[in-house]
Amino acid sequence: MYGRGRMKLEVGQPAPQFAAKDLYGRPVSLANYAGSYLLVSFYRFAVCPLCNLRMWHLIRRYADYQRQGLNILAFTESAPENAHGYLDRLQCPFPIVADLTSRVYAEYGLETSPFGVVRALLGRQAAYLEASRLNIGGWNILRMDGVFTRLPADFIIGPDQRVALAYYGRDSGDFLLFDRLDAVLSARPRRAPAGWPAVQPGGARASMPSPPSYWSLPGALSRPETPSPPGAAPFPGLPPRPGA
């Protein structure tokens, strides 16, 4: 039923190292995040409505996670041009890496499952409707350039670069619950190892630099001046999705 490139990662294992460039050409690597907590999220191809919806909700929580000392890095199994076509509209403040080769996906043991795709199609109608209402993702099969049966996964990597949590989705819309992510952050050690900045009462590390702004990078849409009202699309006036 399920297929994978390698065995699943277990808590306590060293996280597989990687080095790549994000959608805007900035170098990113796992080693860059040594000494801090990192959520690494693997999504399906960029057109996937469920993945777009998950990323939209994650973006809305990003500022709070930054205050708690958590960095975020996302992977999409698409070519950069497809990723820009769908993900630029989200104005994501954290790096996104396009990995159509699936190399890093294989290193982290991501799975595939035709049953998991069907299960999401039948059981996650509300999520598909929400993505459609927000005008994110789409159904253009010509832009489904990743592995169609791919399942998502989320990993929390600790300051020591070891896996603190590994969550492998059971269907194409199954992601690590935010409640569980919050619980991991609340339970993490408050005292940092020698040489690392301590976690402050508010959650942030004393000397953690401010994350780079991705709003002003080439190809990114401008930040909206005012937040969207509840229930509205996050960025009014977005151009139509490419062949949605």
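The values are calculated or read from the model by the stated rules, or taken from the named source; none is laboratory data. Quantities reported herein were computed from a predicted structural model and do not represent experimental measurements. Positions of Cβ are backbone-derived with ideal geometry, glycine not excepted, and every protein chain shown enters the neighbour counts.
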Just need a number here: residues in the range 76-113 that are in contact (Cβ under 8 Å) with a residue 40 or more places away in the chain, β-branched (V, I, T) and more than 19 Å from N140 (Cβ to Cβ).
-> 4
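Scan N71, N82 and give me the residue that is assigned to a helix (DSSP H, G or I), in contact with a Ser or Thr (Cβ under 9 Å, 6 or more places away or on another chain) and either surrounded by 20 or more Cβ atoms within 10 Å (Cβ to Cβ) or of a type outside the set (A, V, I, L, M) (or both).
Values: N71 fails: assigned to a helix (DSSP H, G or I).
Checking each option against the conditions leaves just N82.
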Does any residue in the range 12-34 that is free of Cβ contacts under 8 Å to residues at least 40 places away in the same chain come within less than 7 Å, Cβ to Cβ, of a residue that is polar (S, T, N, Q) six or more places away or on a different chain, and which pairs are these?
-> A19/S29
Identify, by number, the condition in (1) modelled with pLDDT under 95; (2) closer than 23 Å to V28 by Cα; (3) surrounded by 20 or more Cβ atoms within 10 Å (Cβ to Cβ) that I136 doesn't meet.
-> (2)
If we ask which residues in the range 57-85 are within 21 Å of Y128 (Cβ to Cβ), in contact with a Pro (Cβ under 7 Å, 6 or more places away or on another chain) and not small (G, A, S), their number turns out to be 1
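Tell me, which residue of the range 85-117 that is among the hydrophobic types (A, V, I, L, M, F, W, C) and in a helix (DSSP H, G or I) is surrounded by the most Cβ atoms within 10 Å (Cβ to Cβ)? So that I can check it myself, show each step before the final result.
Of the residues in the range 85-117, the ones among the hydrophobic types (A, V, I, L, M, F, W, C) are 87, 90, 92, 94, 96-98, 100, 104, 106, 110, 115, 117.
Within this subset, residues satisfying the condition of being in a helix (DSSP H, G or I) are 87, 90, 104, 106, 115, 117.
Working: L87: 25, L90: 20, V104: 21, A106: 14, F115: 13, V117: 18.
Applying the filter and picking the extreme gives L87.
Only one of L70, L100 is over 11 Å from the mean Cα position of the chain (by Cα), farther than 24 Å from D182 by Cβ and among the aliphatic types (A, V, I, L, M). Can you tell me which?
Numbers: L70 fails: farther than 24 Å from D182 by Cβ.
Among L70, L100, only L100 is over 11 Å from the mean Cα position of the chain (by Cα), farther than 24 Å from D182 by Cβ and among the aliphatic types (A, V, I, L, M).
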Identify, please: which residue in the range 9-37 is within 28 Å of A120 (Cβ to Cβ) and touching a Gly at 6+ places or on another chain (Cβ under 8 Å) and is, among those, surrounded by the fewest Cβ atoms within 10 Å (Cβ to Cβ)?
-> L9
Taking the condition closer than 24 Å to E130 by Cβ, touching a Ser or Thr at 6+ places or on another chain (Cβ under 9 Å) and aliphatic (A, V, I, L, M), does V117 pass?
-> yes
Is it true that some residue in the range 92-114 is in contact with a Lys or Arg (Cβ under 6 Å, 6 or more places away or on another chain) and modelled with pLDDT under 95?
-> no
Out of all the residues in the range 139-171, which are surrounded by fewer than 22 Cβ atoms within 10 Å (Cβ to Cβ), closer than 27 Å to N32 by Cβ and of a type in the set (K, R)?
-> R162
Can you find even one residue in the range 35-56 that is out of contact with any helix residue (DSSP H, G or I) (no Cβ under 8 Å at 6 or more places or on another chain), part of a loop (DSSP other than H, G, I, E, B) and closer than 20 Å to E130 by Cα?
-> yes
